Each structure stands twice: as structure tokens, then as C-alpha cells.
Amino acid sequence: MRVLAACQKKEGDEQLRKKTPDRLETVILDVTSTESIVAATQWVKSVLGTEEVSQYRIDFSSALRRELSHFGVKLAIIEPGLFKTPMTDSARISSNFQMLWDQTSSEIRETYGEKYLASSLKMQNEMEQVCRKDLSLVTDCMEHALTACHPRTRYSAGWDAKLYYLPLSYLPTSLVDALVYWTSPKPEKAL
């Protein structure tokens, strides 16, 4: 199968290319960077030979899925719950959080308070404890999306994705905001 893959960093791109150079097209894509998303859009154009890839103000994956369907490309979106990966490694996240905290101004640190920092780090450690170690739920979704005659548009991997995150996406924004507000650490000088 020919695979079009987006990698956040050059190291990931290089690792993927070494493993499957004959079946893989890669691009560096940092979804937090507008420039990167525009570069990715250009990449999709060049790979597919299309002249125009519409830009939507909605979910990038859904927009890309809709656009590519015009060219016979099926794109499945896999939305996993919490799994133990380098992305959820609490030591790495805590280290980065602490580094950002140390770099911020004393005024901002005072506004949020040390208790906020401690609560955030504790919450991160607790989150890692509930992460599943078995990634087969995600890879099974990937396999189904790649091999099924009629793959689904979206896959939710893990019970937390099915019973928490997916239903949460259907709730009114004000209710979700209230839930997040109630469960998140509070800044010391919050109203």
C-alpha cells in the first residue's frame, strides 16, 4: 500500500523513510504552525496532482478527507483515547511544563501560583496512570481502515474515547466548559 504520512519532526520523517522508503511519502507537518499547514497543503497538491485543495475553518482532518474524496482518496480519522506513548510520558511533559514555568515572568507565576504548578504536574502524573499500554486497539483501527472494503470515516480507539471523549463532543460547549473548569487546576488569583 502507498502511504502518505505527516510527521511533526524531521527525526520522525527520517525514521519512517528508513523503514519503508519504497511505499512512503512523507511531509513535516506541525499542526500548530500555519506555515506548516500551508506547506502540507502544497505537498498534498503535488502528490495528488491536484490544482486546488480547499482550506476550511473546521477540523483539518475532516476538511482534508472531504477534499481528497474528489480524487478517489479515502481518509479515515483515528481518534484514540489515552495510550502510553512518548506523547503521554509524564516525565517528559512535566519537564517541559517546569521549563516553561521557569521561563515565564514572575508576574504570571504569581498570578497562577505554585499550587497551580503542583496541581498541573499531579494531574499529568495521574493521567499517565490511566493510559493503556496495549496499542493494539489503535493498530487494529489502522488495520481496518487500510484493509476494509468499506472503512469507517472515524475510528475511536479505547473505552475512554468511546464513552467519554466522543459523547463529550456532542454536548453543548457551555456544559463541556463547565466540566473542564470544574476538573482543572485553578490559578491562585482566579475569580
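Of all residues in the range 77-111, how many are assigned to a loop (DSSP other than H, G, I, E, B) and open to solvent by 50 Å² or more (accessible area, probe 1.4 Å)? Within the range 77-111, residues that are assigned to a loop (DSSP other than H, G, I, E, B) and open to solvent by 50 Å² or more (accessible area, probe 1.4 Å) number 3. Can you name the residue in the range 136-173 that is of a type in the set (Ser, Thr, Tyr) and free of Cβ contacts under 8 Å to residues at least 24 places away in the same chain and, of all such residues, is nearest to Pro185 (Cα to Cα)? Step by step, filter the range 136-173, then rank; the result is Thr173. Looking across Lys74, Lys122, Lys133, one residue alone is free of Cβ contacts under 8 Å to residues at least 12 places away in the same chain and either within 25 Å of Val180 (Cα to Cα) or open to solvent by 50 Å² or more (accessible area, probe 1.4 Å) (or both). It is Lys122.
When the range 135-191 is filtered for residues that are out of contact with any Ser or Thr (no Cβ under 6 Å at 6 or more places or on another chain) and of a type in the set (Lys, Arg), the ones remaining, listed by number, are Arg152, Arg154, Lys186.
Reported count of residues in the range 140-186, each being in a helix (DSSP H, G or I), open to solvent by less than 70 Å² (accessible area, probe 1.4 Å) and closer than 20 Å to Ile78 by Cα, is 7.
The values are calculated or read from the model by the stated rules, or taken from the named source; none is laboratory data. These figures come from a predicted structure and were not determined experimentally. Cβ sites come from the backbone with ideal geometry, for glycine too, and all protein chains shown count toward neighbours. Accessible surface is based on the protein model in full, side chains and every heavy atom, while ligands, DNA and RNA are left aside. Shrake-Rupley method; radii C 1.70, N 1.55, O 1.52, S 1.80 Å.
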